[in-house]
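Asks: Quick one: the structure is below, questions incoming.
No lab work stands behind these numbers, since they all come straight from the coordinates. All figures in this text were calculated on a predicted structure; none of them were measured in a lab. Counting neighbours? That spans all protein chains shown, and the Cβs are built from the backbone with ideal geometry, glycine included.
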Amino acid sequence: MKFPDKYDKIYCMDTVRILPGKPLDQGAVYTDGGVNFCLFSRHASAVFLELFNNPDDSMPWKTVELNPQINKTGDIWHVFVAGLKPGCLYLYRADGPYDEEKGFRFDKTKFLFDPRARAFTDGSVFKNMLPGKICPLEKMPKCVVVDSQGYEWNGDKPLGIPLNNSIIYEVHLKGFTASPTSGSKYPGTYRGMIEKIPYLKELGITAVELLPVQEFDEYENTNVNPKTGKRMINYWGYSTLGFFAPKASYSYSKQPGDCVNEFKDMVKAFHKAGIEVILDVVFNHTAEGNEHGVTLNFRGLDNTVYYQLVHEHKEYYVNFSGCGNTVNCNHPVVADFIMDCLRYWVSEMHVDGFRFDLAAVLCRDEHGFIMGEPYLTRRISEDPVLRNIKIIAEPWDCGGAYQVGNFPGGRWCEWNDKFRDGIRRFIRGDENLSTEAATRISGSSDLYSASGRKPFNSINYIVSHDGFTLNDLVTYNSKHNEQNGEDNRDGTDNNLSYNYGFEGPSLNPKIEKMRRKQIKNFFVALLLSQGTPMMVAGDEVQRTQFGNNNPYCQDNEITHFDWNDVKKHKDLYSFVKNLIALRKNHRVFNRTNFFTGEKTDISPADITWFNFDGLSPDWTKLNRFLAFRLGGGAGNESLEEDNDFYIAFNTDIHDKTLTLPIPTIGTKWYRVADTSIDDETCILTPGNEETLNSQDKYVLVANSTVVLMSR
């Protein structure tokens, strides 16, 4: 690219003054007198700051060339532009060696995003990029200078809800209100989320876990939907451009930088309702892809520092992420970048925690080997600013690392896929899963007790964004990803699902009744197990993705929350709401320590297991059945008395007559829930529980679950 002559002859305007600046607070920091720009690049020989007036400008109105003798301290380039105000738009260019074999990819003709930009203008690099061409500058998003000090929080701060009291709701921010059925005045935006807070509060949710809302480019996907002929997009957003910037297109206002305040408004509104905000963050890779990818920021500023490169062939990228590149997370400079980013989202944006995508990458050293005590994960765990926020690992990556139960760093929580797979198979009725189900329901002590962690360090889930919805888990035997444009090759084939006789929605009422019952069984297992439960948006109203188990590229009715389902499946919604309330109201379901099994003189053990004859089970023979009593006596964990509960799962195809344990002296067994009942009485509200006619026998229908309470 050759710049026109006039580009090289732009001089300082009278309205601004160029000063040396300071090598502190990287990014673009506004003060009373102007903006301090600060950027890391160890190997650049020259850095240019490009200033723009408008998002669609095809030329900067000013270029500031940074003098390494004046504007560089160590590896930090810095300049202060007096007279600039919030809303100013900017990009960078960087010059230096271009030697792919040594890993250097500097190119002074390429405009670069500030890795620490607080906001971007709403635009796309990829949407306007022609094959073999670069994105026109007028179409390229610009970085926005933001005033971080001008927002009034009114005393708001992260809520700090204990993990054992948490109910996490994984949700795509745009998809939650994008459908016309949402009735939202601000569909698909931060403001749209605020409108739905009453729904989430009524349901009993304590935290929303938002799929990526850090700036990404939807249009990097070039696949075409074979059904509609339309280009696919990156809907999920696991391909970050701006780690410090909330996504601009999720803002209702399109004024540059307004996305920051709209995000803060959303967080403040959630906190006022007693609901936390957890961000799904992607530090394992970036949007720049592999050696054939696009230079957007990190690659053009210091490729050898930010990325893991093949040792003796540095023109190639190590790919533990499955997305083309791997961030060099445990390099001190990159670790500082990640730490500063997390601190920013907590201190300036007031979020309550993070879920780290493919977090095993955070445990790899600069050569790609898994570290026993990773520098970064320990720093995150012990950092004083982050000390009280939630940190959740997806404890694996695409390079073969699998760390469920031993993710390093201290107080980390983990997505527990052993809970997911064990409970899926058990409820489905697979053979010899009773012992596995018992271990998972009781808190997965086999995974977490040895390291000193607690039951709540296990994030229990049946489904997540990545796979079938709960409805589709009981509706499809196989994935149906044809519309993703990859000939149905994408997505996992290991779904552990069952369609109960017909693939897809059925007109057979018996099949649909069985599916509803199994969904309820899954919810009982999820919400009444020890650990921290996470559910997916819409599972409480049977949201479907029509069998697509990898809809990362679908921004349409496949992924959008259909609010007609709330009325259509109001009985299931009520069941889930009451089940959440049951968990919240009884401490036996959200313990802070593992069970001991020890009895006291005045109360039964904290947990006692039974076979269907009411005896201690022979675990080698117990099959397709599980029953246990939770003792609510004061001697078990705290001074707070609670009811005893008896819960039994019959995953067999035959009904079973159960022999119930004798209730505590002076109490009787009452039915709280029975999933075989296909109406609103399948779960009963406090004070309306049904006393059992027989206190020693109960007929548990095939593929059903019962919850009894003594009082």
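Asks: Tell me which of G34, P395, G687 sits at the most positive position along the dipole axis of the chain, charges placed on C-beta atoms (Lys, Arg +1; Asp, Glu -1).
Replies: In the chain, that residue is G687.
Asks: With +1 on the Cβ of every Lys and Arg and -1 on the Cβ of every Asp and Glu, and nothing else charged, how large is the dipole of the range 487-612 about its Cα centre, in debye rounded to the nearest 20? Before the final figure, lay out the partial values.
Replies: Details: 17 positive and 15 negative charges, 136 e Å.
Result for the range 487-612 is approximately 660 debye, rounded to the nearest 20.
Asks: Note the full-extension length gain between Q255 and R489 as 0.36 nm times their separation in residues minus their Cα-Cα distance, in nm to one decimal. The partial results should precede the final answer.
Replies: Values: separation 234, 0.36 × 234 = 84.24 nm, distance 4.07 nm.
Roughly 80.2 nm would be gained on extension.
Asks: Please give the FRET efficiency for N290 paired with K510, using the beta carbon to beta carbon distance and R0 = 60 Å, rounded to the nearest 0.05. Can you show the working numbers first?
Replies: Details: r = 51 Å, r/R0 = 0.84.
Calculated value: 0.75.
Asks: In addition: Can you give the extra length, in nm with one decimal, that the chain gains between D75 and S451 once fully stretched, where that is 0.36 nm per residue apart less the Cα-Cα distance?
Replies: Details: separation 376, 0.36 × 376 = 135.36 nm, distance 3.93 nm.
Contour length minus Cα-Cα distance gives 131.4 nm.
Asks: How would you rank 355-367, 395-407, highest first, on the average number of other Cβ atoms within 10 Å across their residues? List each step's numbers first, then the result.
Replies: On the way: 355-367: 23.3, 395-407: 18.5.
Sorting 355-367, 395-407 by mean packing, highest first, produces 355-367, 395-407.
Asks: In whole angstrom, note down how far apart the Cα centers of the range 66-137 and the range 583-653 are.
Replies: If you average the Cα positions of each part, the centres end up 60 Å apart.
Asks: Given Cβ point charges of +1 (Lys, Arg) and -1 (Asp, Glu) and nothing else, what value in debye, to the nearest 20, does the dipole of the range 343-497 about its Cα centre take? Intermediate values should be presented prior to the final figure.
Replies: Numbers: 18 positive and 24 negative charges, 147 e Å.
Charge dipole, the range 343-497, about its Cα centre: 700 debye, nearest 20.
Asks: Suppose every Lys and Arg Cβ carries +1 and every Asp and Glu Cβ carries -1, with no other charges. What dipole size does the chain come out with about its Cα centre, to the nearest 20 debye? Kindly include the intermediate steps, with their values, before the conclusion.
Replies: Numbers: 78 positive and 93 negative charges, 177 e Å.
Roughly 860 debye for the chain.
Asks: Is it possible to state the helix-based mean residue ellipticity at 222 nm for the chain, with each DSSP H run of 4+ residues giving -39500 (n - 2.57), the sum divided by total residues, to the nearest 500 deg cm²/dmol? What is it?
Replies: Values: 15 runs with 138 residues, N = 711.
Mean residue ellipticity at 222 nm (helix-derived): -5500 deg cm²/dmol.
Asks: Turning to a different aspect of this structure: Roughly speaking, what is the centre-to-centre gap between the range 200-268 and the range 421-441 when only Cα atoms are used, to the nearest Å?
Replies: Centre-to-centre (Cα) distance: 36 Å.
Asks: Compute the relative contact order of the chain as a whole-number percentage, counting only Cα pairs closer than 8 Å that sit 6 or more residues apart in sequence. Please report the intermediate quantities before stating the final value.
Replies: Values: 1651 pairs, mean separation 71.6, N = 711.
Once divided by the residue count of the chain, the mean separation gives 10 percent.
Asks: Let me ask another. Exactly which GluC sites (Glu not before Pro) in the range 631-711 are in a DSSP loop and have at most 12 other Cβ atoms within 10 Å?
Replies: Working: sites: E637, E640, E641, E680, E689, E690; in loops: E637, E640, E641, E689.
When the GluC sites (Glu not before Pro) of the range 631-711 are filtered for loop state and at most 12 Cβ neighbours within 10 Å, E640, E641 remain.
Asks: For the ranges 387-393, 204-210, what's the packing order if you count other beta-carbon atoms within 10 Å of each residue, average per peptide, and put the highest first? Let's see the in-between values first.
Replies: Values: 387-393: 20.4, 204-210: 23.7.
Those peptides, ordered most packed to least, come out 204-210, 387-393.
Asks: Hey, another quick one. So what's the gap between the Cα centers of the range 455-530 and the range 327-346, to the nearest angstrom?
Replies: Taking the Cα centre of each part, the range 455-530 and the range 327-346 sit 36 Å apart.
Asks: For the range 89-173, what is the relative contact order in percent, using Cα pairs closer than 8 Å and at least 6 residues apart in sequence?
Replies: On the way: 82 pairs, mean separation 21.7, N = 85.
Across the range 89-173, relative contact order equals 26 percent.
Asks: Would you kindly state how much longer the chain becomes between V699 and K570 on full extension, computed as 0.36 nm times their sequence separation minus their alpha carbon distance, in nm to one decimal? Show your work: numbers first, answer last.
Replies: Numbers: separation 129, 0.36 × 129 = 46.44 nm, distance 2.71 nm.
Difference between extended and current length: 43.7 nm.
Asks: Which of the listed residues, S478, I511, P455, is farthest toward the dipole's positive end in the chain, when Lys, Arg count +1 and Asp, Glu count -1 at the beta-carbon?
Replies: Checking the options against the dipole of the chain, the answer is I511.
Asks: Here is the link list: K157/K247; K230/K520; K517/K668; K157/K520. Which ones come out longer than 28 Å on Cα distance? Walk me through the numbers on the way to the answer.
Replies: Working: K157/K247 22 Å; K230/K520 37 Å; K517/K668 26 Å; K157/K520 36 Å.
From K157/K247; K230/K520; K517/K668; K157/K520, over 28 Å: K230/K520; K157/K520.
Asks: Putting +1 on Lys and Arg Cβ atoms and -1 on Asp and Glu Cβ atoms, find which of P246, I275, T304 reaches farthest to the positive end of the dipole of the range 212-317.
Replies: Result: I275, furthest along the dipole toward the positive end.
Asks: According to a simple spin-label model (label point 7 Å from Cα along Cα-to-Cβ), what is the distance in nm between N54 and A273?
Replies: 3.9 nm
Asks: Only Cα pairs under 8 Å and at least 6 apart count here; give the relative contact order of the range 442-511 as a rounded whole percent.
Replies: On the way: 65 pairs, mean separation 17.7, N = 70.
About 25 percent, as a whole number.
Asks: Can you give me the angle between helix 258-272 and the longest principal axis of the chain, using Cα atoms only, in degrees from 0 to 90, rounded to the nearest 10?
Replies: 20 degrees
Asks: Also, quick follow-up: How much of the DSSP beta bridge set in the chain is antiparallel, as a percent to the nearest 5?
Replies: Of the beta bridges lying entirely in the chain, close to 75 percent run antiparallel.
Asks: Measure nothing but the geometry: give the 0 to 90° angle between the long axis through the Cα atoms of 570-585 and the longest principal axis through the Cα atoms of the chain, rounded to 10°.
Replies: 90 degrees
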